[in-house]
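Trainee: Here it is, the structure, as structure tokens.
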């Protein structure tokens, strides 16, 4: 399983054809948004669209319908969270994803008026690192 970020210098025409095949509703603003692809070997399993302002926003995450509920979305979302945390974003927001409510809540997102938010990403990462380095602290 690998995640690949779209290289803006690369011609996206071929990729767009593949994306429209798996998701006829696919659209994104190539001037403002970044796109990430989830591959298994050479097969495209899904994509994610992100917009980076003051807070990172996940505009869409898509996994092929036949592959859903098998952990691919969780893997992809955790990769994205780790990536944006390394880019010094401390929050991730998601709006307009009614079909994903249960999935987002399982991933510790908090419901807001406009969608969902995951805050304190840097602190969460720091705590996980401490627990990894000092597992005995878990039982204090």
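The values are calculated or read from the model by the stated rules, or taken from the named source; none is laboratory data. Please read these numbers as outputs of a predicted model, since none were measured by experiment. Please note: Cβ atoms are built from the backbone with ideal geometry, for glycine as well, and neighbour counts cover all protein chains shown.
Trainee: State yes or no: is residue 44 part of a strand (DSSP E or B) and within 21 Å of residue 119 (Cα to Cα)?
Mentor: No: the conditions fail for residue 44.
Trainee: Out of all the residues in the range 1-24, which are without any contact (Cβ under 8 Å) to a residue 60 or more places away in the chain, within 25 Å of residue 69 (Cβ to Cβ), assigned to a loop (DSSP other than H, G, I, E, B) and touching a strand residue (DSSP E or B) at 6+ places or on another chain (Cβ under 9 Å)?
Mentor: 23
Trainee: Further, regarding this structure: Only one of these is touching a helix residue (DSSP H, G or I) at 6+ places or on another chain (Cβ under 6 Å), in a strand (DSSP E or B), modelled with pLDDT of 90 or more and surrounded by 16 or more Cβ atoms within 10 Å (Cβ to Cβ): 50, 38. Name it.
Mentor: 38
Trainee: If you don't mind, another one. Report whether or not residue 67 is within 27 Å of residue 109 (Cα to Cα) and surrounded by 10 or more Cβ atoms within 10 Å (Cβ to Cβ).
Mentor: Against the criterion (within 27 Å of residue 109 (Cα to Cα) and surrounded by 10 or more Cβ atoms within 10 Å (Cβ to Cβ)), residue 67 qualifies.
Trainee: Taking strands (runs of 3 or more DSSP E) that fall entirely within the range 53-120, which contain at least 3 residues that are closer than 19 Å to residue 26 by Cα?
Mentor: In the range 53-120, 56-63 are the strands (runs of 3 or more DSSP E) which contain 3 or more residues that are closer than 19 Å to residue 26 by Cα.
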